[in-house]
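Reviewing the structure listed below.
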Amino acid sequence: MSDVIPKVNSETVYGGDLVFDGGVRLCACADAEDVAAKFKTMLSRICPSVVFSGDGAVTVSIEKDALLPHEGYVIDINGDALTLIAANAAGWTYALVTLRQLLKPVGKSVACPCCRIEDAPRFKYRGLMLDEARNFFGEEEVKRLLDLMCLYKLNVLHWHLSDDQGYRVESEAFPLLTTVSTRRNDTQVGGVKSGKFMGTEASGYYTKSKIRAIVEYAKERNIVVVPELEMPSHCSAILAAYPKLSCTGEKKEVPTTFGTLHRSFCPGKRETYEFLDKLLDEWCELFPSKLFHIGADETAGSLWKNCPDCRKTVAENGLAGTHELLPLFVNRIADMLSAKGKLPMIWSDKLPRGVRKYVTYEAWLPLDHKAVAAEVSSGRKFVVAPYDRYYACQPYCMIPLKKTYEFEPTSITADKSDAGIFGVEMPMWTEWVYDRVKLDFNLFPRLCAFAETGWTAASRKSLHDFKRRWNAQKPLLDSFGVGYAKDKLTSPGAFARNKGTYIWKTVDQYDEVRRNKL
Ligand code: ACM
Ligand code: ZN
(Lines give C-alpha, C1' and ligand atoms only; values in the text may rest on other atoms or scores of the structure.)
(Ligands and ions follow the chains in the order given, each with its own letter.)
Protein backbone atom coordinates (compact mmCIF):
# COMPACT_ATOMS: atom_id res chain seq x y z
CA MET A 1 0.00 0.00 0.00
CA SER A 2 1.17 3.53 -0.72
CA ASP A 3 2.67 5.96 1.78
CA VAL A 4 0.23 8.79 1.07
CA ILE A 5 -1.01 11.06 3.90
CA PRO A 6 -3.94 11.49 4.29
CA LYS A 7 -4.53 7.81 3.56
CA VAL A 8 -6.36 7.37 0.27
CA ASN A 9 -9.88 5.99 0.41
CA SER A 10 -9.46 3.25 -2.19
CA GLU A 11 -6.32 1.76 -3.67
CA THR A 12 -5.54 -1.20 -5.95
CA VAL A 13 -1.88 -2.13 -6.30
CA TYR A 14 -0.98 -3.43 -9.80
CA GLY A 15 2.69 -4.22 -9.01
CA GLY A 16 5.86 -2.75 -10.49
CA ASP A 17 6.80 0.91 -10.98
CA LEU A 18 6.42 3.53 -13.65
CA VAL A 19 9.79 5.25 -14.10
CA PHE A 20 10.28 8.77 -15.43
CA ASP A 21 13.71 8.63 -16.99
CA GLY A 22 13.29 10.14 -20.44
CA GLY A 23 10.56 11.66 -22.59
CA VAL A 24 7.03 12.33 -21.38
CA ARG A 25 4.06 12.81 -23.69
CA LEU A 26 1.59 15.05 -21.87
CA CYS A 27 -2.06 15.18 -23.01
CA ALA A 28 -4.45 17.49 -21.16
CA CYS A 29 -8.17 17.96 -21.81
CA ALA A 30 -9.75 21.40 -22.17
CA ASP A 31 -9.81 23.28 -18.79
CA ALA A 32 -6.74 21.38 -17.61
CA GLU A 33 -4.03 23.70 -18.97
CA ASP A 34 -3.21 25.00 -15.47
CA VAL A 35 -2.87 21.57 -13.95
CA ALA A 36 -0.78 20.42 -16.92
CA ALA A 37 1.57 23.37 -16.36
CA LYS A 38 1.74 22.53 -12.62
CA PHE A 39 2.51 18.89 -13.43
CA LYS A 40 5.35 19.96 -15.75
CA THR A 41 6.85 22.27 -13.13
CA MET A 42 6.57 19.63 -10.42
CA LEU A 43 8.16 16.84 -12.44
CA SER A 44 10.92 19.05 -13.86
CA ARG A 45 11.81 20.19 -10.35
CA ILE A 46 12.25 16.68 -8.96
CA CYS A 47 13.63 15.14 -12.16
CA PRO A 48 15.43 17.84 -14.21
CA SER A 49 16.42 15.34 -16.92
CA VAL A 50 12.82 14.73 -17.98
CA VAL A 51 11.86 16.01 -21.47
CA PHE A 52 8.31 16.76 -22.56
CA SER A 53 7.85 15.65 -26.17
CA GLY A 54 5.20 14.20 -28.45
CA ASP A 55 6.98 10.85 -28.74
CA GLY A 56 7.88 10.39 -25.04
CA ALA A 57 7.91 6.79 -23.76
CA VAL A 58 5.63 7.64 -20.81
CA THR A 59 2.18 9.07 -21.51
CA VAL A 60 0.55 11.32 -18.91
CA SER A 61 -3.13 12.11 -19.52
CA ILE A 62 -5.17 14.63 -17.58
CA GLU A 63 -8.86 13.92 -18.05
CA LYS A 64 -12.19 15.22 -16.85
CA ASP A 65 -15.10 13.24 -15.43
CA ALA A 66 -17.87 15.57 -14.31
CA LEU A 67 -19.44 12.77 -12.25
CA LEU A 68 -16.56 12.53 -9.80
CA PRO A 69 -17.21 14.24 -6.43
CA HIS A 70 -15.96 17.77 -5.72
CA GLU A 71 -12.30 17.49 -4.61
CA GLY A 72 -12.32 13.81 -5.60
CA TYR A 73 -9.94 12.30 -8.15
CA VAL A 74 -8.73 9.09 -9.75
CA ILE A 75 -5.10 8.23 -10.48
CA ASP A 76 -4.32 5.25 -12.68
CA ILE A 77 -0.66 4.27 -13.11
CA ASN A 78 -0.13 1.25 -15.29
CA GLY A 79 2.78 0.25 -17.52
CA ASP A 80 3.92 3.45 -19.23
CA ALA A 81 0.65 5.35 -18.77
CA LEU A 82 -0.32 7.68 -15.97
CA THR A 83 -3.85 9.10 -15.96
CA LEU A 84 -5.20 11.79 -13.63
CA ILE A 85 -8.98 12.26 -13.65
CA ALA A 86 -11.15 14.78 -11.77
CA ALA A 87 -14.34 16.80 -12.17
CA ASN A 88 -12.68 20.15 -11.54
CA ALA A 89 -9.52 22.03 -10.60
CA ALA A 90 -9.86 21.05 -6.91
CA GLY A 91 -9.78 17.34 -7.79
CA TRP A 92 -6.86 17.74 -10.19
CA THR A 93 -4.96 19.67 -7.52
CA TYR A 94 -5.36 16.75 -5.13
CA ALA A 95 -4.47 14.20 -7.81
CA LEU A 96 -1.18 16.07 -8.26
CA VAL A 97 -0.61 16.27 -4.52
CA THR A 98 -1.08 12.52 -4.18
CA LEU A 99 1.23 11.95 -7.14
CA ARG A 100 3.86 14.20 -5.52
CA GLN A 101 3.84 11.90 -2.50
CA LEU A 102 3.98 8.76 -4.67
CA LEU A 103 7.04 9.91 -6.63
CA LYS A 104 10.30 8.63 -5.15
CA PRO A 105 13.83 9.26 -6.43
CA VAL A 106 15.55 6.27 -8.05
CA GLY A 107 19.09 7.25 -9.01
CA LYS A 108 18.76 10.25 -11.34
CA SER A 109 15.15 9.50 -12.22
CA VAL A 110 11.90 9.20 -10.27
CA ALA A 111 9.40 6.38 -10.03
CA CYS A 112 5.88 5.83 -8.77
CA PRO A 113 4.15 2.54 -7.96
CA CYS A 114 1.69 1.14 -10.52
CA CYS A 115 -1.71 1.39 -8.86
CA ARG A 116 -5.21 2.80 -9.11
CA ILE A 117 -6.40 5.28 -6.50
CA GLU A 118 -9.99 6.50 -6.21
CA ASP A 119 -10.25 9.16 -3.58
CA ALA A 120 -12.53 11.85 -2.13
CA PRO A 121 -12.74 13.64 1.24
CA ARG A 122 -14.81 12.74 4.28
CA PHE A 123 -15.38 16.34 5.48
CA LYS A 124 -15.94 19.50 3.46
CA TYR A 125 -14.07 21.83 5.83
CA ARG A 126 -10.49 20.85 6.67
CA GLY A 127 -8.84 23.85 8.24
CA LEU A 128 -5.76 25.24 9.86
CA MET A 129 -6.14 28.36 12.00
CA LEU A 130 -3.17 30.68 12.16
CA ASP A 131 -3.12 33.40 14.81
CA GLU A 132 -1.16 36.33 13.42
CA ALA A 133 -2.56 38.80 15.91
CA ARG A 134 -0.24 37.55 18.66
CA ASN A 135 2.71 36.81 16.40
CA PHE A 136 3.01 38.36 12.99
CA PHE A 137 4.76 35.93 10.62
CA GLY A 138 4.28 37.72 7.30
CA GLU A 139 3.56 36.81 3.70
CA GLU A 140 6.42 34.41 2.99
CA GLU A 141 5.64 32.24 6.02
CA VAL A 142 1.91 32.17 5.26
CA LYS A 143 2.58 31.09 1.67
CA ARG A 144 4.90 28.33 2.90
CA LEU A 145 2.13 27.10 5.21
CA LEU A 146 -0.38 27.22 2.35
CA ASP A 147 1.95 24.97 0.31
CA LEU A 148 2.16 22.51 3.20
CA MET A 149 -1.58 22.62 3.81
CA CYS A 150 -2.23 21.78 0.17
CA LEU A 151 0.21 18.87 0.35
CA TYR A 152 -2.01 17.34 3.04
CA LYS A 153 -5.31 18.31 1.36
CA LEU A 154 -6.39 20.97 3.85
CA ASN A 155 -8.71 23.48 2.23
CA VAL A 156 -9.36 26.30 4.74
CA LEU A 157 -6.92 28.81 6.18
CA HIS A 158 -8.76 30.35 9.11
CA TRP A 159 -6.75 33.53 9.45
CA HIS A 160 -6.97 35.07 12.93
CA LEU A 161 -6.02 38.66 12.18
CA SER A 162 -7.36 40.62 15.11
CA ASP A 163 -7.10 40.06 18.85
CA ASP A 164 -6.10 41.85 22.04
CA GLN A 165 -2.40 42.07 21.17
CA GLY A 166 -2.60 43.10 17.53
CA TYR A 167 -4.68 44.01 14.49
CA ARG A 168 -3.16 43.06 11.12
CA VAL A 169 -5.20 44.50 8.25
CA GLU A 170 -4.62 47.86 6.58
CA SER A 171 -7.68 50.06 6.94
CA GLU A 172 -8.59 53.09 4.89
CA ALA A 173 -11.91 53.58 6.66
CA PHE A 174 -10.22 53.70 10.09
CA PRO A 175 -6.58 54.79 9.63
CA LEU A 176 -5.70 54.51 13.34
CA LEU A 177 -6.16 50.75 13.02
CA THR A 178 -3.15 50.71 10.70
CA THR A 179 -0.99 53.08 12.73
CA VAL A 180 -1.94 52.27 16.35
CA SER A 181 -3.51 48.80 16.52
CA THR A 182 -0.79 47.01 14.54
CA ARG A 183 2.02 47.64 17.08
CA ARG A 184 2.68 46.95 20.72
CA ASN A 185 5.57 48.03 22.92
CA ASP A 186 6.72 44.61 24.05
CA THR A 187 5.80 40.91 24.19
CA GLN A 188 5.51 38.68 27.24
CA VAL A 189 7.58 35.47 27.15
CA GLY A 190 7.67 32.32 29.31
CA GLY A 191 4.00 31.90 30.23
CA VAL A 192 1.31 34.16 31.68
CA LYS A 193 2.80 34.29 35.17
CA SER A 194 6.38 34.87 34.07
CA GLY A 195 6.68 38.64 34.42
CA LYS A 196 9.30 38.37 31.61
CA PHE A 197 9.33 40.30 28.36
CA MET A 198 11.13 40.16 25.04
CA GLY A 199 12.26 43.77 25.36
CA THR A 200 11.43 44.81 21.80
CA GLU A 201 8.49 46.41 20.03
CA ALA A 202 6.35 44.06 17.90
CA SER A 203 4.47 45.26 14.86
CA GLY A 204 3.20 44.21 11.47
CA TYR A 205 0.20 44.24 9.20
CA TYR A 206 -0.89 43.23 5.71
CA THR A 207 -1.59 45.82 3.09
CA LYS A 208 -4.73 45.22 1.07
CA SER A 209 -2.72 44.21 -1.98
CA LYS A 210 -0.72 41.66 0.06
CA ILE A 211 -3.95 40.16 1.37
CA ARG A 212 -5.34 39.86 -2.15
CA ALA A 213 -2.12 38.18 -3.28
CA ILE A 214 -2.28 35.66 -0.41
CA VAL A 215 -5.97 34.93 -1.02
CA GLU A 216 -5.15 34.27 -4.70
CA TYR A 217 -2.15 32.10 -3.80
CA ALA A 218 -4.41 30.06 -1.51
CA LYS A 219 -7.10 29.72 -4.18
CA GLU A 220 -4.58 28.23 -6.60
CA ARG A 221 -4.05 25.52 -3.96
CA ASN A 222 -7.78 24.92 -3.40
CA ILE A 223 -7.64 26.78 -0.08
CA VAL A 224 -10.28 29.27 1.02
CA VAL A 225 -9.12 32.00 3.38
CA VAL A 226 -11.70 32.51 6.14
CA PRO A 227 -10.81 35.73 7.99
CA GLU A 228 -11.44 36.24 11.68
CA LEU A 229 -12.24 39.65 13.10
CA GLU A 230 -12.70 39.04 16.84
CA MET A 231 -15.66 40.64 18.59
CA PRO A 232 -17.22 41.59 20.95
CA SER A 233 -14.15 40.84 23.15
CA HIS A 234 -10.52 39.99 22.30
CA CYS A 235 -10.42 43.39 20.62
CA SER A 236 -8.08 45.46 22.85
CA ALA A 237 -5.85 46.39 19.89
CA ILE A 238 -8.81 48.01 18.12
CA LEU A 239 -9.93 49.71 21.34
CA ALA A 240 -6.42 51.16 21.79
CA ALA A 241 -7.13 53.20 18.66
CA TYR A 242 -10.89 53.74 19.12
CA PRO A 243 -11.53 53.59 22.91
CA LYS A 244 -14.98 55.18 22.64
CA LEU A 245 -16.27 51.84 21.34
CA SER A 246 -15.83 50.25 24.80
CA CYS A 247 -18.32 50.64 27.65
CA THR A 248 -16.17 53.06 29.65
CA GLY A 249 -14.33 54.80 26.79
CA GLU A 250 -11.09 54.45 28.77
CA LYS A 251 -7.94 54.73 26.63
CA LYS A 252 -5.37 51.90 27.05
CA GLU A 253 -2.37 50.84 25.01
CA VAL A 254 -2.20 47.62 22.96
CA PRO A 255 -1.56 44.90 25.59
CA THR A 256 1.88 43.30 25.86
CA THR A 257 0.78 40.38 28.09
CA PHE A 258 -1.26 37.25 27.38
CA GLY A 259 -4.12 35.40 29.07
CA THR A 260 -7.78 36.39 28.97
CA LEU A 261 -7.92 40.19 28.93
CA HIS A 262 -11.08 41.96 29.89
CA ARG A 263 -11.80 44.50 27.20
CA SER A 264 -14.83 44.49 24.96
CA PHE A 265 -16.81 46.48 22.45
CA CYS A 266 -19.92 47.91 24.07
CA PRO A 267 -22.86 45.95 22.63
CA GLY A 268 -25.20 48.71 23.80
CA LYS A 269 -23.76 51.57 21.74
CA ARG A 270 -24.97 52.44 18.27
CA GLU A 271 -21.42 53.57 17.36
CA THR A 272 -20.14 49.99 17.88
CA TYR A 273 -22.42 48.65 15.16
CA GLU A 274 -21.77 51.58 12.82
CA PHE A 275 -18.01 51.07 13.20
CA LEU A 276 -18.19 47.29 12.71
CA ASP A 277 -20.53 47.60 9.73
CA LYS A 278 -18.02 49.83 7.93
CA LEU A 279 -15.05 47.71 8.95
CA LEU A 280 -16.79 44.52 7.84
CA ASP A 281 -17.39 46.14 4.45
CA GLU A 282 -13.63 46.58 4.10
CA TRP A 283 -12.93 42.99 5.12
CA CYS A 284 -15.72 41.50 2.98
CA GLU A 285 -14.29 43.28 -0.03
CA LEU A 286 -10.86 41.75 0.67
CA PHE A 287 -11.93 38.19 1.45
CA PRO A 288 -14.19 36.46 -1.09
CA SER A 289 -14.86 33.51 1.26
CA LYS A 290 -18.53 32.92 2.11
CA LEU A 291 -17.62 31.98 5.67
CA PHE A 292 -16.62 34.84 7.96
CA HIS A 293 -15.42 34.23 11.53
CA ILE A 294 -16.30 36.79 14.19
CA GLY A 295 -14.75 35.08 17.22
CA ALA A 296 -17.25 35.71 20.04
CA ASP A 297 -15.27 33.55 22.48
CA GLU A 298 -14.35 34.36 26.08
CA THR A 299 -16.64 37.36 26.22
CA ALA A 300 -15.85 39.92 28.91
CA GLY A 301 -19.58 40.19 29.67
CA SER A 302 -19.02 41.24 33.30
CA LEU A 303 -18.00 44.68 32.01
CA TRP A 304 -21.46 45.17 30.59
CA LYS A 305 -23.23 45.02 33.97
CA ASN A 306 -22.29 48.55 34.99
CA CYS A 307 -22.64 50.19 31.59
CA PRO A 308 -25.68 52.48 31.12
CA ASP A 309 -25.76 51.79 27.36
CA CYS A 310 -25.70 48.04 27.89
CA ARG A 311 -28.41 48.21 30.56
CA LYS A 312 -30.58 50.37 28.35
CA THR A 313 -30.23 47.83 25.52
CA VAL A 314 -31.18 45.01 27.92
CA ALA A 315 -34.33 46.90 28.92
CA GLU A 316 -35.29 47.97 25.39
CA ASN A 317 -35.00 44.41 24.08
CA GLY A 318 -36.69 42.73 27.05
CA LEU A 319 -33.58 40.67 27.84
CA ALA A 320 -33.22 38.77 31.13
CA GLY A 321 -29.86 40.42 31.85
CA THR A 322 -26.57 41.58 30.36
CA HIS A 323 -25.61 37.92 29.77
CA GLU A 324 -28.17 37.91 26.94
CA LEU A 325 -26.31 40.70 25.17
CA LEU A 326 -23.92 38.17 23.59
CA PRO A 327 -26.57 36.44 21.41
CA LEU A 328 -28.11 39.84 20.66
CA PHE A 329 -24.73 41.20 19.54
CA VAL A 330 -23.86 38.06 17.54
CA ASN A 331 -27.26 38.09 15.81
CA ARG A 332 -26.97 41.77 14.87
CA ILE A 333 -23.52 41.18 13.36
CA ALA A 334 -24.71 37.92 11.76
CA ASP A 335 -27.56 39.79 10.06
CA MET A 336 -25.11 42.43 8.84
CA LEU A 337 -22.81 39.77 7.41
CA SER A 338 -25.69 37.87 5.92
CA ALA A 339 -26.79 41.05 4.10
CA LYS A 340 -23.23 41.26 2.73
CA GLY A 341 -23.57 37.71 1.36
CA LYS A 342 -21.55 36.00 4.11
CA LEU A 343 -22.11 33.04 6.42
CA PRO A 344 -20.94 33.92 9.94
CA MET A 345 -19.01 31.58 12.18
CA ILE A 346 -18.15 31.82 15.90
CA TRP A 347 -16.26 29.91 18.58
CA SER A 348 -19.08 28.18 20.39
CA ASP A 349 -17.64 28.29 23.95
CA LYS A 350 -20.44 26.57 25.95
CA LEU A 351 -23.08 26.69 23.19
CA PRO A 352 -24.68 30.14 23.46
CA ARG A 353 -28.46 30.01 23.15
CA GLY A 354 -30.61 32.01 20.78
CA VAL A 355 -27.99 32.49 18.06
CA ARG A 356 -29.23 32.32 14.44
CA LYS A 357 -29.04 28.77 13.13
CA TYR A 358 -27.08 29.77 10.06
CA VAL A 359 -24.15 30.78 12.30
CA THR A 360 -21.62 27.93 12.17
CA TYR A 361 -20.22 26.92 15.57
CA GLU A 362 -16.57 26.08 16.03
CA ALA A 363 -16.50 23.66 18.98
CA TRP A 364 -13.33 24.00 21.04
CA LEU A 365 -14.56 23.29 24.59
CA PRO A 366 -16.22 20.04 25.75
CA LEU A 367 -19.96 20.27 25.02
CA ASP A 368 -23.05 18.43 26.09
CA HIS A 369 -23.48 15.75 23.40
CA LYS A 370 -27.26 15.84 23.49
CA ALA A 371 -27.30 19.63 23.17
CA VAL A 372 -25.01 19.37 20.13
CA ALA A 373 -27.32 16.75 18.56
CA ALA A 374 -30.30 19.06 19.17
CA GLU A 375 -28.45 21.99 17.54
CA VAL A 376 -27.56 19.78 14.56
CA SER A 377 -31.11 18.60 14.11
CA SER A 378 -32.26 22.23 14.05
CA GLY A 379 -29.79 23.00 11.24
CA ARG A 380 -26.62 24.13 13.01
CA LYS A 381 -23.28 23.22 11.43
CA PHE A 382 -20.20 22.45 13.54
CA VAL A 383 -16.50 22.69 12.88
CA VAL A 384 -14.72 20.52 15.43
CA ALA A 385 -11.52 21.87 17.01
CA PRO A 386 -11.14 20.46 20.55
CA TYR A 387 -8.54 22.32 22.60
CA ASP A 388 -7.25 19.08 24.17
CA ARG A 389 -6.81 17.23 20.84
CA TYR A 390 -6.30 19.70 18.01
CA TYR A 391 -4.71 22.84 19.54
CA ALA A 392 -1.33 22.72 17.83
CA CYS A 393 -0.01 25.42 20.18
CA GLN A 394 -0.06 22.91 23.05
CA PRO A 395 3.11 20.97 23.86
CA TYR A 396 3.30 17.31 22.84
CA CYS A 397 3.56 16.24 26.46
CA MET A 398 0.01 17.57 26.86
CA ILE A 399 -1.29 16.37 23.49
CA PRO A 400 0.78 13.46 22.23
CA LEU A 401 0.29 12.47 18.59
CA LYS A 402 -1.92 9.48 19.44
CA LYS A 403 -4.46 11.80 21.11
CA THR A 404 -4.70 13.94 18.00
CA TYR A 405 -4.80 11.02 15.59
CA GLU A 406 -7.40 8.93 17.41
CA PHE A 407 -9.90 11.69 18.07
CA GLU A 408 -13.19 11.06 16.26
CA PRO A 409 -14.98 14.35 15.42
CA THR A 410 -18.48 12.88 15.55
CA SER A 411 -17.90 12.04 19.22
CA ILE A 412 -19.06 15.59 20.07
CA THR A 413 -22.65 14.74 19.16
CA ALA A 414 -25.00 12.23 20.76
CA ASP A 415 -26.00 10.68 17.42
CA LYS A 416 -22.33 10.14 16.40
CA SER A 417 -23.14 10.78 12.76
CA ASP A 418 -21.32 12.91 10.16
CA ALA A 419 -24.51 14.94 9.59
CA GLY A 420 -24.02 18.42 11.00
CA ILE A 421 -20.25 18.01 11.30
CA PHE A 422 -19.15 20.42 8.63
CA GLY A 423 -15.52 19.72 9.26
CA VAL A 424 -12.45 19.88 11.45
CA GLU A 425 -9.83 22.47 12.28
CA MET A 426 -6.40 22.60 13.88
CA PRO A 427 -5.94 25.95 15.65
CA MET A 428 -2.44 27.41 16.06
CA TRP A 429 -2.51 30.14 18.67
CA THR A 430 0.77 31.99 18.82
CA GLU A 431 1.11 33.67 22.21
CA TRP A 432 4.21 31.53 22.77
CA VAL A 433 5.15 30.75 19.17
CA TYR A 434 7.53 33.36 17.84
CA ASP A 435 9.20 31.70 14.87
CA ARG A 436 9.18 29.03 12.18
CA VAL A 437 11.15 26.55 14.32
CA LYS A 438 8.40 26.33 16.91
CA LEU A 439 5.68 26.52 14.28
CA ASP A 440 7.05 23.52 12.38
CA PHE A 441 7.81 21.58 15.54
CA ASN A 442 4.29 21.97 16.90
CA LEU A 443 2.57 21.39 13.56
CA PHE A 444 4.41 18.31 12.32
CA PRO A 445 3.52 15.47 12.52
CA ARG A 446 0.32 16.75 14.19
CA LEU A 447 -1.06 18.43 11.10
CA CYS A 448 -0.64 15.20 9.10
CA ALA A 449 -2.46 13.16 11.74
CA PHE A 450 -5.25 15.70 11.88
CA ALA A 451 -5.46 15.97 8.07
CA GLU A 452 -6.06 12.24 7.87
CA THR A 453 -9.14 12.53 10.10
CA GLY A 454 -10.46 15.30 7.86
CA TRP A 455 -10.01 13.34 4.65
CA THR A 456 -9.99 9.59 5.26
CA ALA A 457 -12.97 7.41 6.22
CA ALA A 458 -12.76 6.58 9.94
CA SER A 459 -12.91 2.84 9.17
CA ARG A 460 -9.67 3.07 7.14
CA LYS A 461 -7.63 4.83 9.80
CA SER A 462 -4.98 3.09 11.91
CA LEU A 463 -2.35 4.74 14.09
CA HIS A 464 0.13 1.94 13.39
CA ASP A 465 -0.21 2.40 9.64
CA PHE A 466 -0.12 6.20 9.99
CA LYS A 467 3.24 5.95 11.77
CA ARG A 468 4.64 3.87 8.90
CA ARG A 469 3.47 6.44 6.38
CA TRP A 470 4.70 9.33 8.57
CA ASN A 471 8.20 7.80 8.50
CA ALA A 472 8.03 7.54 4.72
CA GLN A 473 6.94 11.19 4.59
CA LYS A 474 10.02 12.53 6.37
CA PRO A 475 12.37 12.75 3.34
CA LEU A 476 9.78 14.87 1.52
CA LEU A 477 9.44 17.26 4.49
CA ASP A 478 13.24 17.25 4.87
CA SER A 479 13.50 18.38 1.26
CA PHE A 480 11.16 21.28 2.12
CA GLY A 481 13.22 22.11 5.23
CA VAL A 482 10.33 21.44 7.65
CA GLY A 483 11.61 20.96 11.23
CA TYR A 484 9.14 18.33 12.49
CA ALA A 485 9.15 16.86 16.01
CA LYS A 486 11.03 13.62 16.58
CA ASP A 487 8.96 10.53 17.37
CA LYS A 488 10.25 10.18 20.93
CA LEU A 489 8.80 13.58 21.83
CA THR A 490 5.37 13.02 20.29
CA SER A 491 4.77 9.67 22.02
CA PRO A 492 2.45 9.17 25.00
CA GLY A 493 5.55 8.02 26.94
CA ALA A 494 6.90 11.56 26.78
CA PHE A 495 3.56 12.70 28.17
CA ALA A 496 3.77 10.32 31.13
CA ARG A 497 7.34 11.39 31.96
CA ASN A 498 6.53 15.07 31.87
CA LYS A 499 3.00 15.10 33.17
CA GLY A 500 2.23 18.34 34.90
CA THR A 501 5.55 19.97 34.14
CA TYR A 502 4.49 21.68 30.95
CA ILE A 503 1.43 23.78 31.25
CA TRP A 504 0.44 26.53 28.93
CA LYS A 505 0.25 28.98 31.79
CA THR A 506 3.65 28.66 33.38
CA VAL A 507 6.31 27.02 31.27
CA ASP A 508 8.35 28.24 28.36
CA GLN A 509 7.36 25.72 25.69
CA TYR A 510 10.66 26.13 23.92
CA ASP A 511 11.94 23.46 26.34
CA GLU A 512 10.41 20.84 24.05
CA VAL A 513 11.98 22.38 20.96
CA ARG A 514 15.38 22.37 22.65
CA ARG A 515 14.95 18.71 23.59
CA ASN A 516 14.01 17.94 19.98
CA LYS A 517 17.49 18.98 18.92
CA LEU A 518 19.24 16.67 21.42
C1 ACM B 1 -10.23 29.94 22.22
O2 ACM B 1 -9.28 29.14 22.37
N3 ACM B 1 -10.39 30.95 23.07
C4 ACM B 1 -11.16 29.81 21.12
ZN1 ZN C 1 -21.65 48.86 27.28
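The values are calculated or read from the model by the stated rules, or taken from the named source; none is laboratory data. Note that the structure is a prediction, hence the values are computed from the model and not measured. Positions of Cβ are generated from backbone atoms using ideal geometry, with glycine treated the same way; all protein chains shown enter the neighbour counts. Just the protein is used for accessible areas: all its heavy atoms, side chains included, with ligands, DNA and RNA removed. Shrake-Rupley method; radii C 1.70, N 1.55, O 1.52, S 1.80 Å.
Keeping the other protein chains in place, figure out the carbon and sulfur percent of the accessible area of the range 281-433, with a 1.4 Å probe. C and S fraction of accessible area: 54 percent. Here's the list of aspartates and glutamates a cross-link from Lys244 could span, going by alpha-carbon distance under 14 Å and ignoring same-chain residues fewer than 8 apart: Glu253, Glu271, Glu274, Asp309. Here is the short version for the chain: Cys27, Cys29, Cys47, Cys112, Cys114, Cys115, Cys150, Cys235, Cys284, Cys393, Cys397, Cys448 have no other Cys C-beta closer than 4.7 Å.
Once the Cα atoms are used to define both axes, helix 208-219 deviates from the longest principal axis of the chain by about 40 degrees.
Taken over the range 94-165, the alpha-carbon convex hull comes to 102 cubic angstrom per residue. Dividing the Cα radius of gyration of the range 19-121 by its Kirkwood radius returns 0.94 for Rg/Rh. The eigenvalues of the Cα gyration tensor, multiplied by 5 and square-rooted, give the range 247-306 an equivalent ellipsoid with semi-axes of 24, 16, 12 Å from largest to smallest.
Just so you know, the Rg over Rh for the range 301-388 is 1.01, from Cα atoms, with Rh as the Kirkwood radius. Distance between the C-alpha centres of the range 285-304 and the range 163-196: 17 Å, rounded to the whole angstrom. Take every Cα-Cα pair in the chain and report what % of them are more than 41 Å apart. Summing the P(r) tail past 41 Å for the chain gives 24 percent.
With 0.36 nm allotted per residue and the present C-alpha distance subtracted, the Ser377-Ala339 stretch has 11.2 nm of extension available. Of all accessible surface on the range 1-43 at a 1.4 Å probe, what whole percent is carbon and sulfur? Here carbon and sulfur together make up 47 percent of the probe-accessible area. Using a simple charge model, +1 on the beta-carbon of Lys and Arg, -1 on the beta-carbon of Asp and Glu, nothing else, what dipole does the chain show about its Cα centre, in debye to the nearest 20? Rounded to the nearest 20 debye, it is 1160 debye. Based on protein heavy atoms only, the range 9-76 ends up with 52 Å² per residue of surface accessible to a 1.4 Å probe.
With one equal scatterer per alpha carbon and no solvent term, the Debye-computed log10 I(q)/I(0) for the range 219-326 at 0.10, 0.11, 0.19 1/Å reads -0.33, -0.39, -1.00. Residue pairs exceeding 23 angstrom between C-alpha atoms, taken from Lys153/Lys403; Lys108/Lys467; Lys210/Lys251; Lys153/Lys461; Lys269/Lys290: Lys108/Lys467; Lys210/Lys251; Lys269/Lys290. Separation of the range 117-150 from the range 240-261 is 30 Å, based on Cα centroids. Listed by chain and number, the aspartates and glutamates whose alpha-carbon sits under 15 Å from that of Lys40, ignoring those within fewer than 8 places in the same chain, are Asp21. Extension gain, Arg212-Thr248: 0.36 nm per intervening residue step, less the Cα-Cα distance, totals 9.4 nm. Across the chain, the longest run free of exposed loop sites, meaning GluC sites (Glu not before Pro) lying outside DSSP classes H, G, I, E and B with no more than 11 other Cβ atoms within 10 Å, spans 251-518. Using all C-alpha to C-alpha distances in the range 340-443, build P(r) with 10 Å bins and read off the rounded percent in each one. Going out from 0 Å in 10 Å bins, the range 340-443 shows 14, 43, 28, 13, 1 percent. Straight-line reach from Lys370: taking Cα to Cα under 18 Å and skipping same-chain neighbours fewer than 8 places apart, the lysines in range are Lys350, Lys357, Lys381, Lys416.
For the range 337-387, the per residue solvent-accessible surface stands at 43 Å², with DNA, RNA and ligands left out and a 1.4 Å probe. Residue farthest toward the positive end of the dipole of the range 108-219, with Cβ of Lys/Arg at +1 and Asp/Glu at -1: which of Gln165, Val215, Asn135? Farthest towards the positive pole: Val215. For the pair Asn331 and Lys402, label points projected 7 Å from Cα toward Cβ lie 4.7 nm apart.
The figure for Cys393 is an accessible area of roughly 10 square angstrom, using a 1.4 Å probe on the protein chains alone. Expressed as a whole percent, how much of the Cα-Cα distance distribution for the range 113-264 exceeds 29 Å? Here the tail beyond 29 Å accounts for 27 percent of pairs.
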